[in-house]
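What follows is calculated from the coordinates using simple rules that are stated; it is not laboratory data. Worth saying up front: this structure is predicted, and the values here are computed from it rather than measured. In this analysis, Cβ positions are derived from the backbone assuming ideal geometry, glycine residues included, and neighbour counts consider all displayed protein chains.
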2 protein chains.
Amino acid sequence: MKRNSILAALALTIASLAVSSGAQAQQGPKPEQLIKWRQSAYQVIAWNNGRIKANVEGTYNKEEVIKAANTIAALANSGLGALFAPGTETGKGWHDTTVKPELFKPGSKVGEYASAFSKEANELAQVALLGDQAKTKEQFGKLGKTCKACHDDFKNKE
Amino acid sequence: MKRNSILAALALTIASLAVSSGAQAQQGPKPEQLIKWRQSAYQVIAWNNGRIKANVEGTYNKEEVIKAANTIAALANSGLGALFAPGTETGKGWHDTTVKPELFKPGSKVGEYASAFSKEANELAQVALLGDQAKTKEQFGKLGKTCKACHDDFKNKE
């Protein structure tokens, strides 16, 4: 009886460990949440992209461009890759994801594209400090190319 | 007759100017777009907030906290107020706005709250550079209070 009690207690402990480790694995954000966050991040980039576009094509406001460029740079450096975790290849955040499955394949160029995006975004944040419309426009064009390269390969049309 | 032709031409010119100036006034983003962007911005803040929370309550990763704090600070400094333009008091972005009409009333404390949010977010980005979990936790608490103050007054429960 004593032996059986010990075994029963052991079994309970093991079961409880299994349950808590299962719960732990589920503690991270769900795929739909990650997709929602990444869709939000790109919307924020689009907002700030639009602000810079309006400034380089029209009346230039140095302070507004600095704010917008800093926001894009912070997002480019934020580690957006974490929002493309395994399990987020398909699914719905605010809307069905537009990511192509190719992004998740080993050997995809996504890391390379992400680095180029960060590099040009950081450079734009620096150039913005000069308050020179023409220079900002030139660097903004370089940034846009890194967006396009990645979208061409890895983003379905909405 | 000649005089009438000139008057007719003038009238046409004036009418065309009125139309084009009307079109120009409508060129800015629509209210639904502004609401979508602000909902996205707060989602990005929530993502980064969650990352910092996980770091101050669990295993601390200095680099991750710096990235997250920088993103929140950039957004706090980005000029989010522009996304609460007149016309966005009600409406649907990703979902119905949860903003309370009180935010838009003259004399509302929203500017004060926004300044406090920027101040504490910038301070958090500085503190994050130290890589000290306890200090980050303390400053993160101060930031959280500025979020709560504004939400209590101006955000409906979802």
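Does segment B:29-154 come out rounded, prolate or oblate by the C-alpha gyration tensor, with a ≥ b ≥ c the root eigenvalues, rounded set by a/c under 1.5 and, if not, prolate when a/b is larger than b/c and oblate if not?
Numbers: a/c = 2.48, a/b = 1.91, b/c = 1.30.
Verdict is prolate for segment B:29-154.
At what distance in nm do the modelled label points of A:K135 and B:E57 sit from each other, each positioned 7 Å from its Cα along Cα→Cβ?
Inter-label distance under the simple model: 4.5 nm.
If you average the C-alpha positions of segment A:53-99 and of segment B:128-149 separately, how far apart do those two centres end up, in angstrom?
24 Å
Is the C-alpha gyration tensor of segment A:79-142 telling us rounded, prolate or oblate? Criteria: a/c under 1.5 is rounded; beyond that, a/b larger than b/c is prolate, otherwise oblate. Don't jump to the answer; show the numbers that get you there.
Details: a/c = 3.19, a/b = 2.30, b/c = 1.39.
Prolate.
On a straight-distance basis, which lysines could pair with B:K67 in a cross-link, Cα separation under 22 angstrom, same-chain partners fewer than 8 positions away excluded?
A:K30, A:K36, A:K67, A:K119, B:K53, B:K119, B:K135, B:K137, B:K142, B:K145
Would you please give the residues with an amide H less than 5 Å from that of A:K155, counting only those at least 5 places away or on a separate chain, with H modeled from the backbone geometry?
Here the answer is A:K100, since their amide H atoms fall under 5 Å of that of A:K155.
Please tell me the relative contact order of segment B:29-154 in percent, rounded to the nearest whole number, where contacts are Cα pairs under 8 Å and at least six residues apart. The partial results should precede the final answer.
On the way: 127 pairs, mean separation 39.9, N = 126.
Computed value for segment B:29-154: 32 percent relative contact order.
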